[in-house]
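Chemist: Take a look at this one; I'll ask things after.
The values are calculated or read from the model by the stated rules, or taken from the named source; none is laboratory data. Everything quoted here is computed from the prediction, not taken from an experiment. Every residue, glycine among them, receives a Cβ derived from its backbone with ideal geometry; neighbour counts consider all protein chains shown. Protein only, heavy atoms only, side chains kept; ligands, DNA and RNA dropped before computing areas. Shrake-Rupley method; radii C 1.70, N 1.55, O 1.52, S 1.80 Å.
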Amino acid sequence: MEIGVRILLAFLVHQVAHVGGQEDGGHEGCVPGFQVKHYQVADSGPFQKGQPLVQVEFDDCAGNKDVTFEVSDPSFQVDGDLNLVPYQDVLYSGPVLFIHGVSAHTDDMAQVEIIGLPVQSQHTLRNILGLGQTLTYRSKRSLLVPPMIVTENQRAPFPRPIGKSHVISTEKSGNHIFRLTGPGADQDPKGLFIIDTDTGEVSVSRSLDREAIDSYKLEVSTTDFAGNLIDEPTLLLITVIDQNDNRPIFKETRYAGEVLEGSPTGTTVMRMTAFDADDPATDNAALRYNIVRQSPDKPSPNMFYIDAEKGDIVTVISPTLLDRETLPTTTYELEIVAKDMAGSEVGLTGTATATITITDENDHAPEFTHPLFEASVNEGSTGVVVNLTVDDRDDPATEAWRAIYSIINGDPTQSFEIQTNPDNNEGMLSVVKPLDYEATAFHTLLIKVENEDPLVPDVGYGPSATATVHVTVLDVNEGPVFFPDPLTVTKMENIPVGSFVASLNATDPDILQIQNIRYAVLRDPAGWLSVNPVRGTVNTSASLDRESPYVHDNKYTAVFIATDNGNPPATGTGTLVIHLEDYNDNAPYVVPSVARVCEDAHDMNVAIVGGRDKDLPPNGAPFKIELGKQPGIDKTWKVTRVNSTHSQIMLLHSLKKANYQLPLLITDSGVPPLFNNTEVKVQVCVCKKNKMHCSSAHSHRASLLVLLATLLLALLCL
């Protein structure tokens, strides 16, 4: 209430200021405030939260910064897009809302009138201000216009009178004119109804169609000859009476339904419904359904019944006769007639066709075509060995026909598997684990067949649902088998040529045959090995080198082949893995081969070098790196150990920019240790601002004379 009063006062102040501004003549350019003061919205409520009613136009001529809006009804607000919206669901609102907009540049009001609300109270500005006194109006006379009816599809001649309006008035006056307004008179569809201006008699000017428009709401009023209103407009309701001029129409010409075989009598199959455009309150649209034809008509011409009023098709035939396997067909066609006028002889009709399919249930168990199946298979092979055939009278397109096979006995090692061929329902028996003739030469399997769908309760699986399969395993000459495979041994590298490495062991699985085995090298990447063809002993034919590129992770791999003397001969392969132990047979070396230092001993005069060794610990690091045996070299250079693998080279005094060959001696930790005399090219560079400028000339030997001359030059410069 406080918000409404505050907005009302602001509205009055604004109106006074607005009038004063008009009297002063206003000003040119942008006028701050609401650009439109009055809005009309057609809505009857209720109002949904966040649903905009209207978008107001407000401009304070300064960018609309910091503008605030206040609405007389606190259930509404103005959002950032200047939309008037409810911030909650509102069941009812007053017919007039006031919006108060305020910024630093303007203070203005706008009014929103909601048209179409139910009348509850007068919340107009006149009543809020107490100005709602009743004005004096001349009392108008009123018309009593009775409702009229007209039958559709009338024939000429036209116009045809349908009724007369009567004036109820205490003042008789002959100087009046009757007027007819509204849709069907002066509005589309224009000219359907006309009124006699003198007598008030109403006529229809042409034939009507109830299915297009079933009633018309017009207004009758009277005026004097000058056009002044005498009798206020009064409602005239004209109702169009229906005729049976529309046939029943099915939405589709053909309908499809299905019913499970063996269904009880009275099972609903489908519903057939038609539509009649006539008046549903009359018999013109009261439909009745009937089956006029069934095809085929066997085993009974009345297998189905249709509910005359609902259109439900139900079964009449007994469950025992509704057998898909014995019926002459699995589909029946029914011709359905829908008749209006509640099915009387004068009713109009419409027809449609219903196709009913008798669907299958699993009432027949599958049966093997033979009680015994036989198959043979070579030992060591896999794949399908025999196809099992069955008969099933159920529908091949359903789970009631599709077979599932299972091995219920005779396969303890799960060497067999059976799958269903989806094309012909046969069971494909396969060997999935190779069979061994020497272990078992004959297998007897018991196979069971079932359907994907369970059988109906009164049907069970008989003895023909199982079959026996005899599988004979044929002997095949099998290749020798190495054991163990791979064979792993450990040997020291560099053992003498001809040393024993390993003894291969291959046996022939054909224990029922007496066969000899011979051995040979199949793959020896480095050519280090030889094998005795009879005994299978492996010896070295060359030196074993752990650092060879054929050795990976200290392991050397060779493959051998064993061949029996069967017909035809069979072979088998085995792998020998030699784990090589390290021997200190590689001298260490220094990296990198080039190092850089600055010519000024006070700058970056240290270089780092490291040791490398192809051998494994403890035959490698820690390394000892020291200066070579040159007289006086230790006056200019110094080598200091950094860690177990690296040392630093330090320039003890300034040298001129040049390249120097520095002799170094590096020794590993093997027993016995190995050493290596090497030279590192040391570039003495000019260093300025963290940049090194080095010589590209050839290296100088760090001889005693050069070193002494350099030392002497350095001493003279002090």
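Chemist: Calculate the spin-label point distance for N424 paired with V686, positioning each point 7 Å from the Cα along the beta-carbon direction, and give it in nanometres.
Modeler: My value for the distance between the label points is 9.6 nm.
Chemist: Per residue, how much accessible area does the chain show when a 1.4 Å probe rolls over the protein heavy atoms, in square angstrom? If you can, show how the numbers build up before the last one.
Modeler: Working: 39840 Å² over 718 residues.
Accessible area per residue, the chain: 55 Å².
Chemist: Continuing with this model, one more query. For segment 367-458, count all C-alpha to C-alpha pairs, find those more than 22 Å apart, and express that count as a whole percent of the total. List each step's numbers first, then the result.
Modeler: Working: 1335 of 4186 pairs.
Counting every Cα pair in segment 367-458, those more than 22 Å apart make up 32 percent.
Chemist: Work out, step by step, the length gained on full extension between S300 and Q51: first 0.36 nm times the residue separation, then minus their alpha carbon distance; give nm to one decimal. Don't skip to the answer; put the middle values down first.
Modeler: On the way: separation 249, 0.36 × 249 = 89.64 nm, distance 6.44 nm.
Gain on extension, S300 to Q51, equals 83.2 nm.
Chemist: Also, I was wondering about something else. Using heavy-atom solvent-accessible surface (probe 1.4 Å) with all chains present, what is the largest-first order of K629, K65, K491, K190? Mind showing how you got there, number by number?
Modeler: Numbers: K629 185, K65 145, K491 50, K190 125 Å².
From most accessible down to least: K629, K65, K190, K491.
Chemist: Sticking with this one: Measuring from label point to label point, each 7 Å out along Cα→Cβ, what is the S44 to E232 span in nm?
Modeler: Each label point lies 7 Å from its Cα, and together they span 2.0 nm.
Chemist: With a 1.4 Å probe and all protein chains in place, put R179, R535 in order of accessible area, largest first. Before the final figure, lay out each step's value.
Modeler: Details: R179 110, R535 155 Å².
Of R179, R535, the descending order of accessible area is R535, R179.
Chemist: State the extension gain, in nm to one decimal, for the chain segment bounded by Q661 and I514, taking 0.36 nm per residue of separation less the distance between their alpha-carbons.
Modeler: Numbers: separation 147, 0.36 × 147 = 52.92 nm, distance 7.40 nm.
So the extension gain works out to 45.5 nm.
Chemist: Quick one: Debye curve from the alpha-carbon atoms of the chain only, equal weights, vacuum; give me log10 I(q)/I(0) at q = 0.05, 0.07, 0.09, 0.10 Å⁻¹ to two decimals.
Modeler: The Debye formula, applied to the Cα set alone, gives -0.83, -0.88, -1.06, -1.17.
Chemist: Fully extended, how many nm does the chain gain between F500 and Y92 (0.36 nm per residue separation, minus their Cα-Cα distance)?
Modeler: Working: separation 408, 0.36 × 408 = 146.88 nm, distance 10.75 nm.
Gain in length upon complete extension: 136.1 nm.
Chemist: What aspartates and glutamates sit close enough to K657 to cross-link, taking a C-alpha to C-alpha distance under 12 Å and skipping anything fewer than 8 places away on the same chain?
Modeler: E599, D600
Chemist: At a probe radius of 1.4 Å, what is the per-residue accessible area of M270, in Å² to the nearest 10?
Modeler: Counting only protein heavy atoms, M270 exposes about 20 Å² to solvent.
Chemist: Now, a different point. Return the calculated 222 nm mean residue ellipticity for the chain, to the nearest 500 deg cm²/dmol, obtained by summing -39500 (n - 2.57) across DSSP H runs with n ≥ 4 and dividing by the residue count. Walk me through the intermediate numbers first.
Modeler: Numbers: 3 runs with 40 residues, N = 718.
Helix-only estimate at 222 nm: -2000 deg cm²/dmol.
Chemist: Then there's this: Once label points are set 7 Å from the Cα along Cα→Cβ at both N387 and T571, what is their separation, rounded to one decimal in nm?
Modeler: For the pair N387/T571, the computed spacing is 3.8 nm.
Chemist: Going Cα to Cα from K217, which aspartates and glutamates come in below 20 Å? Please leave out same-chain ones fewer than 8 positions away.
Modeler: E152, D186, D188, D196, E201, D209, D231, E232, D242, D279
Chemist: Relative to the longest principal axis of the C-alpha atoms of the chain, give the angle of the C-alpha long axis of helix 2-24, reported between 0 and 90° and rounded to the nearest 10°.
Modeler: Tilt of helix 2-24: around 80 degrees.
Chemist: For R293, R155, R324, give the ranking by accessible area with the largest first, probe 1.4 Å. Write out the running numbers ahead of the final one.
Modeler: Numbers: R293 90, R155 195, R324 35 Å².
Largest to smallest exposure gives the sequence R155, R293, R324.
Chemist: List the aspartates and glutamates whose alpha-carbon lies under 20 Å from that of K65, not counting same-chain residues fewer than 8 positions away?
Modeler: E57, D79, D81, D107, D108
Chemist: So if I take the centroid of the Cα atoms in segment 58-114 and the same for segment 459-477, what is the distance between those two points in Å?
Modeler: A separation of 90 Å, based on Cα centres.
Chemist: Mind scanning K614/K681; K251/K298; K624/K656; K656/K688; K638/K688 and naming the pairs with a C-alpha gap bigger than 19 Å? All intermediate terms of the calculation are to be shown ahead of the outcome.
Modeler: On the way: K614/K681 23 Å; K251/K298 29 Å; K624/K656 29 Å; K656/K688 14 Å; K638/K688 24 Å.
The answer is K614/K681; K251/K298; K624/K656; K638/K688.
Chemist: Here is a follow-up. What's the carbon and sulfur percent of the chain's accessible surface, probe 1.4 angstrom, rounded to a whole number? Intermediate results must be reported in sequence, preceding the final value.
Modeler: On the way: 21030 of 39840 Å².
For the chain, the apolar C and S fraction of the accessible surface comes to 53 percent.
Chemist: Output the direction-averaged projected area (hull surface divided by four) of the convex hull of the alpha-carbon atoms of segment 249-359, in nm². List each step's numbers first, then the result.
Modeler: Details: hull surface 25.9 nm².
That works out to 6.5 nm², a quarter of the Cα hull's surface.
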